[in-house]
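Input: a single structure, listed below in structure tokens.
The values are calculated or read from the model by the stated rules, or taken from the named source; none is laboratory data. All of these numbers come straight from a predicted model, not from anything done at the bench. A quick note on method: Cβ atoms are made from the backbone with ideal geometry, for glycine too, and the neighbour counts reach across all protein chains shown. Keep in mind that these areas ignore ligands, DNA and RNA; they rest on the heavy atoms of the full protein, side chains included. Shrake-Rupley method; radii C 1.70, N 1.55, O 1.52, S 1.80 Å.
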Amino acid sequence: QLSFLRAVIMGEDALSSQATLKKYDLGTSANVVRIKKALVDREIIDVMDSTIQILDPVFKNWLVTRYFRS
């Protein structure tokens, strides 16, 4: 799920494309669907018009500045 969130933060649009699956080590496209559903159910993300948004801006900021910092 963290790799999925990283892909979302990095602005990836085609999360089920082979390049994105490989780049972020997301497994299969079916796995992406399961991850997306789990994050929606936990109210971490929302999908509107095929755009994925992280609902909590503070959490998103923490991920960007602290967790995914390179």
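So here's what we get for this one:
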| item | result |
| --- | --- |
| Residue under evaluation F4, criteria (1) on the phi > 0 side of the Ramachandran plot; (2) in contact (Cβ under 8 Å) with a residue 12 or more places away in the chain, criterion not met | (1) |
| Identity of the residue in region 14-31, polar (S, T, N, Q) and touching a residue at least 12 places away in the same chain (Cβ under 8 Å), that ends up surrounded by the most Cβ atoms within 10 Å (Cβ to Cβ) | T20 |
| Where a residue in region 35-50 is closer than 14 Å to R6 by Cβ and its partner, wherever it lies, is outside any helix (DSSP H, G or I) and among the acidic types (D, E), with Cβ under 9 Å and at least six apart | I44/D56 |
| Region 51-63 - residue that is part of a helix (DSSP H, G or I) and within 16 Å of Q1 (Cβ to Cβ) and, of those, least open to solvent (accessible area, probe 1.4 Å) | L63 |
| Verdict on R34 being open to solvent by 50 Å² or more (accessible area, probe 1.4 Å), in a loop (DSSP other than H, G, I, E, B) and not polar (S, T, N, Q) | no |
| Residue, surrounded by the fewest Cβ atoms within 10 Å (Cβ to Cβ), within region 37-50, restricted to residues that are of a type outside the set (A, V, I, L, M) and assigned to a loop (DSSP other than H, G, I, E, B) | D49 |
| Residues satisfying the stated conditions in region 13-28, i.e. modelled with pLDDT of 95 or more and either part of a strand (DSSP E or B) or not aliphatic (A, V, I, L, M) (or both) | S17, Q18, T20, K22, K23, Y24, D25, G27, T28 |
